[in-house]
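The values are calculated or read from the model by the stated rules, or taken from the named source; none is laboratory data. Just so it is clear, the structure is predicted and the values come from calculations on it, not from any experiment. Methodologically, a virtual Cβ is constructed for each residue, glycine included, from the backbone with ideal geometry; neighbour enumeration extends over all protein chains shown. Accessible surface is based on the protein model in full, side chains and every heavy atom, while ligands, DNA and RNA are left aside. Shrake-Rupley method; radii C 1.70, N 1.55, O 1.52, S 1.80 Å.
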Amino acid sequence: MEKWVVALLAMSAYLVFAFIVGVLAGRGRSFWSVSEYTVADRGLGLVLMWFLMGGTVFSAFAFLGGPGWAYSKGAASFYILAYTCLGLLPWYLIGPKVARIGARKNFYTMGEFLGDRYDSRAIQVLVGVISVLAFIQYLTLQIKGMAYVFNVLTEDAIPIWLGALISYGIVIVYVATSGVRGAAWSDVLQGILMLLVAWVVGYTVVYSFHDGVADMFRGIEASRPGFLTVGAEGSGMSPMSYTTILLVSVIGFIMWPHLFTKSFTTTEKKIKQTVLVYPLFAIFLVPILFIGFAAVGVVDPAQLTGPDTILPHLVTHEMGASGIVYGLIGAGALAAAMSSADAITHGGSVSFGRDIIQPLKPDLPERTQIWIMRLSVIAIGTVAYYLSIFGAAGLVQLLVGAYGSIVQFAPAVYGALWWRRGTSTGVIAGLVAGIAVNYYFQLVQPATPLDINAGILGLIVNVVLFVGMSMVTNPAGSRADEYIKA
Amino acid sequence: MAMEDQPAVARESTRDASKAFAIFTAVMVLVMIFPIYGFANKVEPMVLGMPFSLFWIVAWIGVEFVGLLCFIAYEFSGER
């Protein structure tokens, strides 16, 4: 049998399985409950939480972008390990507080949380709009990943548009029918598959080109001095750039609304136990970086359309791999992309329904709200699909660009929980200015001062304006205590 | 609906180590960024086959895991 046929069969088998698991997850639950759809009635168990939160790390970025960074930028790729292990630490502190407030006040989204704390519907809608836009950007990245993997491993038998349509179509169906529970259950399947594939493929790749890990790194150090350290000659990134991109990622991680709102799906102890497994997830990413390092000196960059294609290129061109390996990698990469896409699609539909539509039409019956959310899964999915097939941008830049805007929520969130004096004027001023600065340095200016990440520059302006404007305006109402003491 | 969720509102931990945890987080971040990471940012000595710049991160991830275990054990083990 042709290798690409085996790959196609393996990926199809995986897709059918993911579809069944995702759709079955919602059975026996109330189809018409907003609480069930959005936060699983605040009752998700520990294993589901692990994989639901873990699925976000194991994205197309990790699986394709990770080896790509290791191959093209060397030690700068260590940043992926560092932010994975650090990203969830702040959740240990803010998650339980947010969970208690959310359960008491019946919140489902970050917009509701911030809008209530600062007594401002404008903030809620603003957060909703930014979230949906960032989600769409993030989604296009995952969809491109799925489509690309499908296309390469089936040796062009499945065109880009069709691969994206099949794999993302399945995500849309199980998210629309089963809500957060559909995403969580399919993430368990996808997480296990991806962890397995990462290690098998990582070590297979290393040992097919080198005599082990040490031999591989010694070879790189001999041929590319400086490649294995950050900031030296021959390295892909300056120390300042490395430091600030890591800071943006760590501060921004839990500000992603689809992760932030997972505080509402469970309770304090499970939140803290979920933080505990993140270092383990980070360790699991190590072999993924090895894939990229193994290709240094083996693959000529001129042969690639971009560094993100290094993993599929290695498998199809360099290894003489069997059809089974094709299939494993295909299924693993699909799993990585889909487990992120489902959580983001779900988050987008909830943000759209609760933070954009609800404030404009507050007295909608629950059934109508549910319909709006389920239909917006399809709407958001369609937009993201269109952008990913017809738009263009590098995988990593896309994610970092979206990250830059999301991190701007941080001052308002931390202020809500620990600073009495924050006001809605301060939040809006900081948020708008922070996002503007970020975009100015990302899109208009070719470089930033001192090589500082654009998101950090935005954050500095954001914090100054948030604190400054809050001090000169009066806080509306006195909800601060309720939040700070939660 | 919110009222039925009363158990979720209550604190589950019996002891609060938030301040210590904030310090723990800060230390974990500082060892991963410059200037402190600069001390580990070199190839030799290689450990477990990895350049020191990578081993440093992996080792601290181990420290983080043990630290988290201790925090959770401490916060959830006291008398209610």
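Scanning region B:69-80 for residues that are more than 7 Å from chain A (Cβ to nearest Cβ) and aromatic (Phe, Trp, Tyr) gives B:Phe71, B:Tyr74.
Taking the conditions exactly as written (open to solvent by less than 10 Å² (accessible area, probe 1.4 Å), closer than 16 Å to B:Leu54 by Cα and not polar (S, T, N, Q)), does A:Leu280 satisfy them or not? So A:Leu280 fails the test. With respect to the conditions (1) modelled with pLDDT of 85 or more; (2) in contact with a Leu (Cβ under 9 Å, 6 or more places away or on another chain), A:Ala222 lacks only one, and its number is (2). Scanning region A:63-79 for residues being crowded, with 24+ Cβ neighbours inside 10 Å and more than 9 Å from chain B (Cβ to nearest Cβ) gives a total of 11. I'd like to check something: does region A:103-113 contain any residue that is on the phi > 0 side of the Ramachandran plot, open to solvent by 10 Å² or more (accessible area, probe 1.4 Å) and charged (D, E, K, R)? The answer is no; no qualifying residue exists.
Considering (1) crowded, with 18+ Cβ neighbours inside 10 Å; (2) hydrophobic (A, V, I, L, M, F, W, C); (3) at pLDDT 90 or above, the lone condition that B:Ile23 does not fulfil carries the number (1).
Candidates in region B:1-20 are the residues that are part of a helix (DSSP H, G or I) and at pLDDT 80 or above; of these, the one that is nearest to the other protein chains (Cβ to nearest Cβ) is B:Ser18. Tell me whether region A:334-344 contains one or more residues that are in contact with a helix residue (DSSP H, G or I) (Cβ under 8 Å, 6 or more places away or on another chain) and open to solvent by 10 Å² or more (accessible area, probe 1.4 Å). For region A:334-344, residues in contact with a helix residue (DSSP H, G or I) (Cβ under 8 Å, 6 or more places away or on another chain) and open to solvent by 10 Å² or more (accessible area, probe 1.4 Å): absent.
The residue that is farthest from the other protein chains (Cβ to nearest Cβ), among those in region B:34-68 that are open to solvent by less than 50 Å² (accessible area, probe 1.4 Å), free of Cβ contacts under 8 Å to residues at least 40 places away in the same chain and within 15 Å of the chain's Cα centre (by Cα), is B:Ala59. Region A:177-283 holds helices (runs of 4 or more DSSP H) entirely within its bounds, and those carrying 3 or more residues that are over 30 Å from A:Asn106 (Cβ atoms) and more than 9 Å from chain B (Cβ to nearest Cβ) map to A:213-223, A:239-253. Of A:Asn453, A:Asn438, all but one fail to be open to solvent by less than 10 Å² (accessible area, probe 1.4 Å) and in contact with a helix residue (DSSP H, G or I) (Cβ under 8 Å, 6 or more places away or on another chain); the exception is A:Asn438.
For A:Val396, the criteria (1) aliphatic (A, V, I, L, M); (2) buried (at least 24 other Cβ atoms within 10 Å of the Cβ); (3) at pLDDT below 85 hold in every case but one, which is (2). When residues in region A:284-311 are screened for being open to solvent by less than 30 Å² (accessible area, probe 1.4 Å) and part of a loop (DSSP other than H, G, I, E, B), 6 of them pass.
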